[in-house]
Each structure stands twice: as structure tokens, then as C-alpha cells.
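Read through the structure below, which is laid out as C-alpha cells, and then see the notes.
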Amino acid sequence: MPGVTKMQCLLFRLVLITFVFLDSVDDVNAGITSRYAGNEWPAVDIPLDHEVFAVPEGHNAPQQVHITQGNYDGNAVIISWVTFGEPGFSEVQYGTSDKNYEFTAEGKMTNYTFYEYSSGYIHHVLLDDLKFDTKYYYKIGDGDSAREFWFQTPPMIGPDVPYKFGIIGDLGQTYNSLSTLEHYMESGAQSVLFLGDLSYADRYQYNDVGTRWDSWGRFIERSTAYQPWIWCAGNHEIEYMPYMNEVVPFKSFLYRYPTPHLASMSSSPMWYAIRRASAHIIVLSNYSPFGIFFSSTVHFTEVLAFDIHVRCIHGHRENTPWLIVLMHVPMYSSNEEHFMEGESMRAVFEEWFVNHKVDVIFAGHVHAYERSYRISNIRYDVSSGERYPAPDESAPIYITVGDGGNSEGLAGRFRYPQPNYSAFREASYGHSTLEIMNRTHAFYHWNRNDEGKKVPTDSFVLHNQYWPSNVQESKLRKHNLSVLGRIASE
């Protein structure tokens, strides 16, 4: 460039490198509120005669097929489906070659009523002792009505095993929900971490509640039949409806969507833990008893802290360094909708999350997107301490992904001024992915639904909390020095 010396060019590149480096560091004074306002589709459910809810052809054909992880380490799956004409057999044929089914597994069948609605015959079959990192083909149903699918088991547990998760919450069955689901299926992710509020069937009454559970099962089958969705329950699964004489919480959810809770010694399918690839995932329930005191009648949620303690202190993070927590209600949110609803759980568990360096906590509930900095509020009590959340390098990042689609619409009213703990927020529909690369780094992306298109909107590199950062910093310094050396020699 005319008039610019090599030294000036070098200084400019130094400044640029410094800016890029600093830009990767959380600045608690630089929160962003997106002003994006898209033309999303109306927040109304898709009509039942739409093709996305089509019933598969054939007498008693299996429908609403979905799989979830079946044990603690990932080499098992639970396959579930529904038949309506007659019970049929709770049997899965499977193998590692297409249409060559070497093995057969048998499970159980159940059903339930909700008001005057009678569910179909719900089948759950466990396939265990599977090979890691293997594609399996499976067949369910009888004769001409049989259906065939496949799934891929995760790699064997290990600290540097790469794996890509999708994160979806508050999905529902609207056209916005369909956009989210289609965009997720293009992401290349291998499993979904689902943050609660599945079908939104509780927005209906009487027999329509069960009907909308059935439609949602057919709606998501395009993904759930081929890869496991890890379930977390939300408030829309409670379905406490005394005017219909329905007072058993989570009835539909528990009949339809099993979890591998027994594998992690949980007393309830509402809360459990799994390991998958290089991640240890803890699923919590905001709508179940929890506390910090131990007794002979203690619930699993109450011993979450003990679970984290045992698995972290006794070397489990040597094998699964990524510690991820799922819940429905966010502990940190700056949206007016549901503001501070997660405060009781934060007061109980935040100190454990910080002390054991949880990497990231995903939540839904608020129908918007928001990401926090690493902050905590554990130094405050009723008599002393800091009143406001403060930067804390040991704290997790809190991410709200309650923007799947749903029929209640977006939560567009954020609190102002933007709190110091809030890094980025936007009221749009979308989904996230977390791509674990190795024991130290993962790539995170939030993708907005923009008039039917997927638009990458928020992203960052997530650094693992357990493994020391000085190794990566040393490599970064060496890399920057080599870049500067090349620049100086030009």
C-alpha cells in the first residue's frame, strides 16, 4: 500500500490479532439485544389433515416411532411406537445390515385413558449390548404394515471423542415448529437434547388432548425414529386438569416417553443422568421436589449435588470432560416472561454447579433465545455478600433455547437495561447445536428461523471447564508468534 511502511502494516496486523483474541473473551459490559424482527408464521397449530401428521399406510401400522438412550453409557436404545387397531407384538428385529435382522428384542405394551380418550397400544422395547459407533437397522410391525428404520450408536466413551448435539425446546406443532425441525435435521447433529414442552397438547380440552399427543408423535417421527432424543419435561407436560378429573401430573408424558433413569439409579424418570461420547449429561425436573438436605426419603433431585460430586471428584471427567445440565426453567434470564421462576432451583444448586465447574446449562420455557456470560450469585445471602451476579470463571454458561415453535408465540419483552450477565438475546424461533471437538473445545451455534431459512446468528467457542486452559493458551501463543514471525519476514 502506498505510503504505508512494513512496520505500520505489522502494527496493524498486531492490533487485528489482538482484537480477534479479545473478541473471544467474554466482556460483561458488552451484552447485545438483537433488534431483528422477522415475519414468522402465526403461532397456531398445523391442521390435523396436514401431511406432516399423516398416518402410515397399512393395517395396524406402527406410528409415532421414537428412540431414546437406553442405558448410562449409550450402547443401548429404547424404541417406542404406537399401534391403534390391535396390540400386535412389542418386538423389534434388528441388525447391522439393511434388511438382514440378526437379532430380536421383546419389550412391553401399555396404554392409558385421558378423560374419554383412549390411547393406542404403546410399545417400549430395549435394545442393549449394542456395539458402539455402529449403524443398526430395525424393523417393527407385522406383514405388509411393518416399517423399517435405522439409527447410529455413539462412539465409545472417551475424553476426545467428537460428537454433535442438537438443542431444541418448547417445540409444539406449528409451522414455526416445522421450520425448526427441518432446519435441525439439516444440521448434521447426532442426537437432540430436548428441554421440555413437547406437544402443547394441554392447550386443548377433553379428547383433543390425546389427539394432539398423537399428532405430535407423528410430526417428530421424521427425526426421532432415526436418532435418540434425550427428554426433559416442562410445565406443559404436567396436564393437571381437575375439570376433566385428570389430576395425575405428567400422565401422558410418562406413558409415552421413557427415559433411562434406572441406569443412573434415579427413583423417577423425571430426572436422570447419562454419558454420551465425551459428555456427561444431567437432566433435572423443575416441577419435582428438590432441596439440599439428605434423609432416608430423599429424592434423586435432592442428591444431584452428590451425583455431581461423586462423578467429578472420582475421575469421571477424565473420560467425559463435558458436564452439561438440562432443565426447563432458566436460572438466569432477562426476559419479562417467567422472570426469576428458576430462582428456587438456583438457590439450591448453583453453588454445586460452580464448585464442580459445569460447562453449560441449557433451559427452555421462555420463548426466546438468550446466552449469558460465566457468572454466579453464590456470594450473596440474606445478611451479607454481593447482591448482584458477578463474573465467575468457574461458573457455567446459561443458555435459553425456548424458541422451538409452540402455539403461544414469542416472548418479545426483554428487561431494560440489559443486565450485565446477559451476553446476547433475541426473540426469534430457532434451534442450537453444540459440536464437541475434543476435551478442551466445542463449537456452539444458535440458528434463527428467518422466513423459512436457517440463519446462523449467535456462535462462540466453548472452552471446557475441567481441563486446564494453560495448555491451549500456550499453543495459542506459539501460533501467534509463528504468525508474527511470518509477517515480519515479509
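The values are calculated or read from the model by the stated rules, or taken from the named source; none is laboratory data. Since we're looking at a predicted model, the values are computed, not measured. Here the Cβ positions follow ideal geometry from the backbone for every residue, glycine too, while neighbour counts run over all protein chains shown. In case anyone asks, the SASA skips ligands and DNA or RNA and just uses the protein heavy atoms, side chains included. Shrake-Rupley method; radii C 1.70, N 1.55, O 1.52, S 1.80 Å.
So here's what we get for this one:
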{"quantity": "Contour excess over end-to-end distance, with Cα ends at Thr96 and Asp392 and 0.36 nm allotted per residue", "calculated": "101.8 nm"}
{"quantity": "Sequence of Glu350, Glu102 when ordered by accessible area, the most exposed leading, probe 1.4 angstrom", "calculated": "Glu102, Glu350"}
{"quantity": "Percent accessible area from carbon and sulfur atoms, the stretch 119-265, protein chains only, probe 1.4 Å", "calculated": "49"}
{"quantity": "Long pairs among Lys139/Lys251; Lys164/Lys454; Lys99/Lys131; Lys135/Lys164; Lys108/Lys164, criterion Cα-Cα beyond 22 Å", "calculated": "Lys139/Lys251; Lys108/Lys164"}
{"quantity": "Relative contact order of the stretch 329-374, pairs being alpha-carbon contacts under 8 Å that are 6 or more residues apart, as %", "calculated": "49"}
{"quantity": "Nearby aspartates and glutamates by direct alpha-carbon distance to Lys357 (threshold 15 angstrom, same-chain neighbours under 8 apart not counted)", "calculated": "Asp307, Glu318, Asp392, Glu393"}
{"quantity": "Carbon + sulfur, % of accessible area of the stretch 340-389 - ligands and nucleic acids excluded, 1.4 Å", "calculated": "50"}
{"quantity": "Ranked by how many other beta carbons lie within 10 Å on average, peptides 334-342, 362-370 from highest", "calculated": "362-370, 334-342"}
{"quantity": "1.4 Å probe accessible area per residue over the stretch 355-426, in Å²", "calculated": "39"}
{"quantity": "Between the stretch 370-430 and the stretch 89-132, the alpha-carbon center distance in angstrom", "calculated": "40"}
{"quantity": "Average Cα contact separation per residue, the stretch 174-290, under 8 Å, 6 or more apart, as relative contact order %", "calculated": "20"}
{"quantity": "Potential extension, Thr211-Met244 segment - 0.36 nm per residue separation minus Cα distance", "calculated": "10.3 nm"}
{"quantity": "Overall form of the stretch 61-215 per C-alpha gyration tensor (a/c, 1.5; a/b vs b/c)", "calculated": "oblate"}
{"quantity": "Burial ranking of peptide ranges 165-174, 139-148, 195-204 (average Cβ count within 10 Å, highest at the top)", "calculated": "165-174, 195-204, 139-148"}
{"quantity": "The stretch 78-130 - accessible surface per residue (Å², probe 1.4 Å)", "calculated": "51"}
